[in-house]
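*Asks:* Have a look at this one before I ask anything.
The values are calculated or read from the model by the stated rules, or taken from the named source; none is laboratory data. All values derive from a computational prediction rather than experimental measurement. In this analysis, Cβ positions are derived from the backbone assuming ideal geometry, glycine residues included, and neighbour counts consider all displayed protein chains. Please note that ligands, DNA and RNA were not included when accessible areas were found on the heavy atoms of the full protein model with its side chains. Shrake-Rupley method; radii C 1.70, N 1.55, O 1.52, S 1.80 Å.
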Amino acid sequence: MSDVIEKAIEQDYKYGFVTDVEQDTLPPGLNEDVIRTISAIKKEPEFMLEWRLKSYRKWLNMEEPTWAKVSYPEIDYQAISYYSAPKKKELKSLDEVDPEILETYSKLGIPLEEQKMLAGVAVDAVFDSVSVATTFKGELEKHGVIFCPFSEAVQNHPDLVKKYLGSVVPHTDNFFAALNSAVFTDGSFVYIPKGVRCPMELSTYFRINAAKTGQFERTLIIADEGSYVSYLEGCTAPMRDENQLHAAVVELVAHKDATIKYSTVQNWYPGDPKTGKGGIYNFVTKRGICLEENSKISWTQVETGSAITWKYPSCILKGDNSVGEFYSVALTNNFQQADTGTKMIHLGKNTKSTIISKGISAGKGQQTYRGGVKIMKNADNARNYSQCDSMLIGNQCGAHTFPYIDVRNPSAQMEHEASTSSIGEDQIYYCNQRGISTEDAVSLIVNGFCKEVFKKLPMEFAVEAQKLMEVSLEGSVG
Amino acid sequence: MLKIKNLHVSIDSKEIIKGINLTINAGELHAIMGRNGSGKSTLAHVISGKEGYEITGDIFFNGESILGKTPEDRALAGIFMSFQYPVVIPGVNNAYFLKAALNARRRAKGEAELDAMDFLTLIKEKIKLVEMDESYLSRAVNDGFSGGEKKRNEILQLLTLEPTFAILDETDSGLDIDALKIIANGVNEYRNGDRAILAITHYQRLLDYMKPDVVHAMMDGKIVKTGGMELARELEEKGYSWLVD
């Protein structure tokens, strides 16, 4: 491969700064006392503590999964701190947020105030383990929409939390989900009441700041009958030499005629581009259930960060005529590894799912698409369309595809398409000869490859995602 | 416009071009004819700036040496090459690609970029000249195009980008007679007194429609004979072996 292409895919991580705020951090280590302490700090009701302990005990007897096509040194779960928070707490308004933190968010391009008001986006920002600011709460309350830090929902809406927590991703689901259930510290909670179309995009930004801490956030979104919500999460972290663990759980529940659109722009620190040292381990369980008829859940993800990604946003299509969608762009550059995809479980009649996965590997990046489509016995006339495209940039990276299909009903219609392509020197030369620079050529080709997914993102974030791809692929030139 | 001085080109120490001198003035169309492996396409790529060659001698474009320049800088300066094998770029919309190229060139010339509407108006005019359907604009660059469609797409780019110097690298190969006429008409549309063309070909056919001012016969890395249209006819008739004597 020529130097030009290699230069064009070199990247600088621009979110690698550390914010200097005082933190309350628990010493590393995990045991029942730590869990009791977390629960006590959060002044949780008894049922939450019980649930955490139950999860912890389950986790102790579980094995870390090894089936994913990623390799990393063994994680010492006793070396991680399970709680870290900026010292000043109990924030009543944005003015009370530590200016350093607000500065951090504006560096990330997330103005918490006016700009987002113009954009009509409500933001919940999770800094290390706690939510620091939720904007637009009042405006949303007028419509009966609940959008708040998870810990606040536990206090103010315990019935909803009790009813839905773990209903999609049980605490026994998998190793990382069990760990999350035991130690999660915050996250976002959303409830859209019957018949309400959420008046603005809801957005959460997650940031890991403190060293040697894990981030275990938990998000729960419930769309009641006939409601609609579009939710976006963004993630970044500082550059650090050691690996940091991020094990989140996201649960979505769509009732009758409800639609949930969940978009992710994930740009955790990917590790040192030259040595592969450091970076976030992103081990995430995301799942939604279309509980009743005519409901719809749509996942869109743009994944450019993390040293290792292990993530399969999935849909359980229980209600008749329900629809599940998964649109993904994943980029692995340098030493990044990703094993990602989706599962679509068809239970109801006339259920439909669409999977469009675009994987881009550059540098020494290794990427795996792993998808599962299951059509169960009673799912008459279920339909699935899957398309998995891989693009290779350079000759030291890898792309792997594992589509699993399990059909137990003869009326199912399944379509699967896959392709592998590469950005060749001849394509770059052709663009150059037409006056298009190498960097523009790479981004032109990559964006062309990804556009089916980008157009599924909310408008303002599609632009953001496109820029992010450019930053992740382009060299320092220009 | 283009001046080539004592050009020697090697690939992996094997000499392909063995001393070429050539001057092409504005308004002229030069044709280079020659057998396979005579170095014609190498010459085209060396002018447009492809990497991987060891070069001595020099090439001047509008009085300035271009050998140290990147392919995109040469393109922005006004050098265009119609590829013998146009490259497929899946996923990238043909019109979008052309707009990116045109706006890069306009920026380089200090002109305002065209917006989507103005570009569309322009491209719809241009595409008529090569008798292509407008649906080709919304397809991916050369993706699934037939050989002839790819060549027409190259000429569409030529007509849209309006470079000052165009190299046509075997643009006629693999075309039927109708397609050949369309290509020749497109090229004639492009020609004017401020522009120059270097057409590389095996056959006289294309030249019948384009009427070159100068014809060169190339053999074994050298220009062995230069003449007018009568040389092209002679080569078509007698082949190339008589040139050796």
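*Asks:* Evaluate peptide A:437-450: per residue, the Cβ atoms of other protein chains within 10 Å of its Cβ; return the mean as an integer.
*Replies:* Mean number of neighbouring Cβ atoms from other chains: 4.
*Asks:* Taking beta carbons within 10 Å but only from partner chains, what does the mean come to for residues A:420-433?
*Replies:* Per-residue shielding by partner chains comes out at 6.
*Asks:* Which percent of the accessible heavy-atom area of the protein assembly as shown goes to carbon and sulfur, probe 1.4 angstrom?
*Replies:* Using a 1.4 Å probe with all protein chains present, the protein assembly as shown comes out at 48 percent carbon and sulfur.
*Asks:* Further question: How big is the A/B interface in buried accessible area, both sides summed, 1.4 Å probe, to the nearest 100 Å²?
*Replies:* Approximately 2000 Å², summed over both chains.
*Asks:* Note the per residue figure in Å³ for the convex hull of the C-alpha positions in segment B:1-71.
*Replies:* 86
*Asks:* Still on this structure: Just the Cα atoms of chain B, one point each, no solvent: what log10 I(q)/I(0) does Debye give at q = 0.09, 0.10 Å⁻¹?
*Replies:* One equal scatterer on each Cα of chain B leads to -0.38, -0.47.
*Asks:* Please give the net charge around residue B:158, taking every other residue with its beta carbon less than 11 angstrom from that of residue B:158, where Lys and Arg add +1 and Asp and Glu add -1.
*Replies:* Net charge in that neighbourhood comes out at +3.
*Asks:* Then there is this: Suppose only helical runs count, i.e. DSSP H with n ≥ 4. What mean residue ellipticity at 222 nm does that imply for chain B under -39500 (n - 2.57) per run, divided by all residues and rounded to the nearest 500 deg cm²/dmol?
*Replies:* -11000 deg cm²/dmol
*Asks:* Something else now. Where in segment B:161-218 are there chymotrypsin sites (Phe, Trp or Tyr not before Pro) that are in a DSSP coil and have at most 16 other Cβ atoms within 10 angstrom of their Cβ?
*Replies:* Answer by residue number: B:203.
*Asks:* For the ranges A:300-313, B:133-146, A:181-194, what's the packing order if you count other beta-carbon atoms within 10 Å of each residue, average per peptide, and put the highest first?
*Replies:* A:300-313, A:181-194, B:133-146
*Asks:* Taking each residue in B:103-115, count the Cβ atoms of any other chain within 10 Å of its Cβ, then average. What number comes out?
*Replies:* That average works out to 1.
*Asks:* Now, a different point. Calculate, for segment B:1-143, the solvent-accessible area per residue in square angstrom, rolling a 1.4 angstrom probe over the heavy atoms of the protein chains.
*Replies:* 45
*Asks:* For a quick check: with amide H placed at 1.01 Å from N, whose amide H comes under 5 Å from residue A:197's, ignoring anything fewer than 5 positions away on the same chain?
*Replies:* Long-range HN contacts for residue A:197: A:228.
*Asks:* Okay, next question. Expressed as an acute angle from 0 to 90° and rounded to the nearest 10, what is the orientation of the C-alpha long axis of helix B:177-190 relative to the principal long axis of chain B?
*Replies:* Helix B:177-190 and the main axis of chain B meet at about 80 degrees.
*Asks:* Further question on the same structure: Across every pair of different alpha-carbon atoms, what Kirkwood hydrodynamic radius in Å does the protein assembly as shown reach?
*Replies:* Mean inverse Cα-Cα distance, inverted, gives 28.5 Å.
*Asks:* To check you understand DSSP bridge types, tell me what percent of the beta bridges within the protein assembly as shown (both residues inside) are antiparallel, rounded to 5.
*Replies:* Given both bridge residues lie in the protein assembly as shown, the antiparallel proportion sits at roughly 20 percent.
*Asks:* Does any residue of segment B:41-87 lose at least 20 Å² of accessible area with all protein chains in place compared with its chain alone, and if so which ones (probe 1.4 Å)?
*Replies:* SASA drop of 20 Å² or more in segment B:41-87: B:48, B:50, B:51, B:71, B:72, B:75, B:83, B:87.
*Asks:* Moving on. Where does each of A:389-402, A:363-376 land if you order them by average Cβ count within 10 Å, highest first?
*Replies:* Per-residue Cβ counts within 10 Å, averaged per peptide and sorted highest first, yield A:363-376, A:389-402.
*Asks:* What is the sum of charges, Lys and Arg at +1 and Asp and Glu at -1, for the other residues whose Cβ falls under 12 Å from the Cβ of residue A:53?
*Replies:* My count for the surroundings of residue A:53 gives 0.
*Asks:* Here is a further query. Need one number: % antiparallel among DSSP beta bridges in chain B, to the nearest 5.
*Replies:* 55
*Asks:* Now a separate question. Lys and Arg at +1, Asp and Glu at -1: add these up for the other residues within a Cβ distance under 12 Å of residue A:172 and post the number.
*Replies:* That works out to +2.
*Asks:* Using Cα pairs closer than 8 Å and at least 6 residues apart in sequence, work out the relative contact order for chain B, in percent.
*Replies:* Relative contact order here is 28 percent.
*Asks:* So what is the accessible area of segment B:178-242 per residue, in Å², with the probe set to 1.4 Å?
*Replies:* Solvent-accessible surface per residue comes out at 45 Å².
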